Amino acid sequence: MAGRCRSPPDRPGDDAISSRVYDGDTVEMARQRVTVSHTVHVNRSPEDVFDYTQDYTTRMDWDPDNRDSELLSEDPRRIRSSIKGVGSAVVEYKLFRRPEKTSAAFIEVDSRYVIGGGGSWSYSAVDGGTDWTENNTIELKPGLTSRLLAPMVRRSLASSMRKSMATAKGIMESRPAT
């Protein structure tokens with residue numbers, strides 16, 4: 001099955017006004033979020049796909065945008081990652097339900113253009129394999145630069161997800177099923 005990728009149209013709320021604190025000052029701003037979803041079918045069980053994709057010791061084998069990862073804690077599950085195009089972030093899992101779904105949020109971000117993000121990944125048994133879906137969001141810092149960068153960020157994120165998920169699929173399917 002070919003992968004599907006969609007970039008949802010801007011939704012109400014994408015430009016909602018929120019407050020953030022920068023250098024001690026509270027600033028009201030319009031949010032600029034980029035969200036992309038992609039699904040691939042992997043000829044492996046949901047357990048196998050979940051375990052492989054949630055193992056940060058192998059993440060850099062299939063996700064070249066993840067430059068470095070370090071497990072900080074298990075409860076709550078927190079990972080410090082260096083991510084191409086983002087900078088560094090601590091990813092905190094809000095849901096870790098093996099083998100069905102995860103959701104996580106960036107809680108500490110050190111980036112020139114990104115103030116937050118996160119996503120959810122789901123694993124559904126379909127036709128003797130797994131439909132693995134990633135929904136990822138990047139929240140850009142406010143301002144004209146972010147508005148101008150958003151379409152490029154969306155295309156880059158979609159392309160990166162397609163490539164990394166295809167690589168992971170190839171690796172998993174080239175190994176004996178467990």
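Under the condition of being among the hydrophobic types (A, V, I, L, M, F, W, C), free of Cβ contacts under 8 Å to residues at least 60 places away in the same chain and surrounded by 13 or more Cβ atoms within 10 Å (Cβ to Cβ), the residues counted in region 53-71 number 1. Evaluation of D15 against the conditions (1) in a loop (DSSP other than H, G, I, E, B); (2) of a type in the set (D, E, K, R); (3) at pLDDT 60 or above shows that the sole unmet condition is (3). Check whether at least one residue in region 108-117 is surrounded by fewer than 17 Cβ atoms within 10 Å (Cβ to Cβ), within 14 Å of the chain's Cα centre (by Cα) and under 20 Å from S159 (Cβ atoms), and report yes or no. Scanning region 108-117, I find no residue that is surrounded by fewer than 17 Cβ atoms within 10 Å (Cβ to Cβ), within 14 Å of the chain's Cα centre (by Cα) and under 20 Å from S159 (Cβ atoms), so the answer is no.
Of the residues making up region 97-121, those that are part of a strand (DSSP E or B), modelled with pLDDT of 95 or more and over 16 Å from N136 (Cα atoms) are R97, D110.
The one condition from (1) among the charged types (D, E, K, R); (2) in contact with a strand residue (DSSP E or B) (Cβ under 7 Å, 6 or more places away or on another chain); (3) at pLDDT below 95; (4) surrounded by fewer than 18 Cβ atoms within 10 Å (Cβ to Cβ) that R175 does not meet is (2).
The values are calculated or read from the model by the stated rules, or taken from the named source; none is laboratory data. Remember, predicted model here, so these are calculated numbers, not experimental data. Quick reminder, even Gly has a Cβ in these numbers, built from the backbone with ideal geometry, and neighbours come from all protein chains shown.
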